[in-house]
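The structure appears below as structure tokens.
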Amino acid sequence: FGALTTAPILEQTGNRSDAIAMTVSVQSKSGSGQLAAYLSSLYAHDNNVSKGIAVLESWTKGHADDKDARFALAQLYSLEGKPELAISQYEWLNAQTPNNLTILNNLAWLYSQKHDPRAKGLAQKALSLAPQSAAVADTLGWILVNQKENAAAVKYLKQASDGSPNDSEVQYHYAVALLQSGNKQAASAALARAMKLQASPDLQTKEHALSAQLASSH
């Protein structure tokens, strides 16, 4: 579709509203899952995630086997704070493409937030497919932190920390694992790295709480 070529140029040049209008027009005449996914991303970038979700829900009602659209929908459900809906989409996608690294990793992470025992196995499977992946090592390591498997958690989160030195959340996870394993000095160093990096307000709150915990433990 021409919209998939032209609309990104419009967005990159600051004309997102024109990019949206063009994509809506093309989608209404000769739509596709790929185009619906792109349109939903435009809405998300425009701080209108709910509208992006509406586009994808409408498309997938009539195209239930469209993997592109359902993957995009799963991502937006997660972004919108609707984990159960995201899990439903990822479970379907995992059944269709059982060795997809991103799907495995995202589903494992969502399961872990729900304390679902399937999280660890999925993360381990994902890491077996990509042993050097910092993102998957972070997912598995954090799952292990929550299961109090401290030595293994530190191992995987060190891999994640080394592979993603500029990711505040990864550094925070590593700091928690180190503190949980009793290594306060290394935990303080990891947390200091995390707090120098850009983080969401929620993560900043967690970082300050961990800093206070470390200070009180000395």
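The values are calculated or read from the model by the stated rules, or taken from the named source; none is laboratory data. None of the values given here were measured: they were computed from a predicted structure. Glycine gets a Cβ as well: all are built from the backbone with ideal geometry, and neighbour counts include every protein chain shown. Surface areas here come from the heavy atoms of the whole protein model, side chains and all, with no ligands, DNA or RNA. Shrake-Rupley method; radii C 1.70, N 1.55, O 1.52, S 1.80 Å.
Quick one: which residue in L110, L122, L140, L197 is within 29 Å of A86 (Cα to Cα) and in contact with a Pro (Cβ under 7 Å, 6 or more places away or on another chain)?
Values: L122 fails: in contact with a Pro (Cβ under 7 Å, 6 or more places away or on another chain); L140 fails: in contact with a Pro (Cβ under 7 Å, 6 or more places away or on another chain); L197 fails: in contact with a Pro (Cβ under 7 Å, 6 or more places away or on another chain).
From the options L110, L122, L140, L197, the qualifying one is L110.
Checked against (1) of a type in the set (A, V, I, L, M); (2) over 16 Å from the mean Cα position of the chain (by Cα); (3) open to solvent by 30 Å² or more (accessible area, probe 1.4 Å), L101 passes all but a single condition, namely (2). Return yes when Q75 is exposed (fewer than 15 other Cβ atoms within 10 Å of the Cβ) and on the phi < 0 side of the Ramachandran plot and no when it is not. No, not satisfied.
When we screen G121, G81 for residues that are surrounded by fewer than 16 Cβ atoms within 10 Å (Cβ to Cβ), within 13 Å of the chain's Cα centre (by Cα) and more than 21 Å from S32 (Cβ to Cβ), the only hit is G81. Pairs linking a residue in the range 191-211 that is exposed (fewer than 14 other Cβ atoms within 10 Å of the Cβ) to a residue that is modelled with pLDDT of 95 or more, with Cβ atoms under 8 Å and 6 or more positions apart or on different chains, are Q198/S168. Kindly check whether there is at least one residue in the range 104-118 that is under 17 Å from A64 (Cα atoms) and exposed (fewer than 15 other Cβ atoms within 10 Å of the Cβ). The answer is no, given that none of the residues of the range 104-118 is under 17 Å from A64 (Cα atoms) and exposed (fewer than 15 other Cβ atoms within 10 Å of the Cβ).
I'd like the full set of residues that are loosely packed, with under 12 Cβ neighbours inside 10 Å and closer than 18 Å to N47 by Cβ, limited to the range 1-23. If you could, list the steps in order and put the result at the bottom.
To start, the set of residues in the range 1-23 that are loosely packed, with under 12 Cβ neighbours inside 10 Å comprises 2, 5, 9, 12-14.
Residues satisfying the conditions are Q12, G14.
Among the residues of the range 25-47, those identified as open to solvent by 60 Å² or more (accessible area, probe 1.4 Å) and within 24 Å of S78 (Cα to Cα) are Q34, H45, D46, N47.
Within the range 145-168, residues that are under 17 Å from K184 (Cα atoms) and touching a residue at least 24 places away in the same chain (Cβ under 8 Å) have Cβ atoms under 6 Å from residues that are open to solvent by 50 Å² or more (accessible area, probe 1.4 Å) and not charged (D, E, K, R) in these pairs: N150/Q180; N150/S181; V154/S181, counting only partners at least 6 apart in sequence or on another chain.
Being in contact (Cβ under 8 Å) with a residue 12 or more places away in the chain and either assigned to a helix (DSSP H, G or I) or under 19 Å from D138 (Cα atoms) (or both) is the filter here, so list the residues in the range 89-101 that pass it. Don't jump to the end; show me each part of the working.
Let us first name the residues in the range 89-101 that are in contact (Cβ under 8 Å) with a residue 12 or more places away in the chain, namely 89-94, 96-97, 99, 101.
Residues satisfying the conditions are Q89, Y90, E91, W92, L93, N94, Q96, N99, L101.
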